Amino acid sequence: MKKIHNEAELVVEALRVGAIYAKSRGVGEFEATDSAGDKITFLYRLLVRDKLIQPLARGQENAPSMKHKLALWMSRQLPPEHPLLK
């Protein structure tokens, strides 16, 4: 898995956008007491269920891989001139 430039920041942005997406879909919302790992897992599974990202192979569903998938998803949602992509 190739490291993405600004991956941590892209994951944070994915969680922000994902929270809005989840709320608009009516499937739930993030609470302030939710851990980052719970948020990542929830958002990853929601995006897979909605077929917005391709699922990881069985046995590969771990936090670093899910973060990477979310960062890839977010990088594709942002316009090319966005500061996180430079």
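The values are calculated or read from the model by the stated rules, or taken from the named source; none is laboratory data. Remember, it's a predicted structure, so these values are computed and weren't measured experimentally. Ideal geometry is used to build each Cβ from the backbone, glycine not excepted, and the neighbour counts take in all protein chains shown.
Assorted remarks:
- Selection within segment 13-38: residues that are small (Gly, Ala, Ser) and under 20 Å from residue 79 (Cβ atoms). The member of this set that is farthest from the chain's Cα centre (by Cα) is 18.
- Residues satisfying the stated conditions in segment 39-69, i.e. more than 11 Å from the chain's Cα centre (by Cα), at negative phi, in a loop (DSSP other than H, G, I, E, B) and of a type outside the set (Gly, Ala, Ser): 50, 54, 55, 56, 58, 60, 61, 62
- Check on residue 4, touching a helix residue (DSSP H, G or I) at 6+ places or on another chain (Cβ under 8 Å) and modelled with pLDDT under 95: yes
- Filter pass, residue 15 being surrounded by 13 or more Cβ atoms within 10 Å (Cβ to Cβ), free of Cβ contacts under 8 Å to residues at least 40 places away in the same chain and within 17 Å of residue 69 (Cα to Cα): no
- Counted residues, segment 77-86 - those being in a helix (DSSP H, G or I) and closer than 14 Å to residue 5 by Cβ: 3
- Among residues of segment 1-12 being among the hydrophobic types (A, V, I, L, M, F, W, C) and over 11 Å from the mean Cα position of the chain (by Cα), the one that is surrounded by the most Cβ atoms within 10 Å (Cβ to Cβ) is 4.
- Some residue of segment 23-31 being under 23 Å from residue 5 (Cα atoms) and either in contact with a Cys (Cβ under 6 Å, 6 or more places away or on another chain) or surrounded by 12 or more Cβ atoms within 10 Å (Cβ to Cβ) (or both): no
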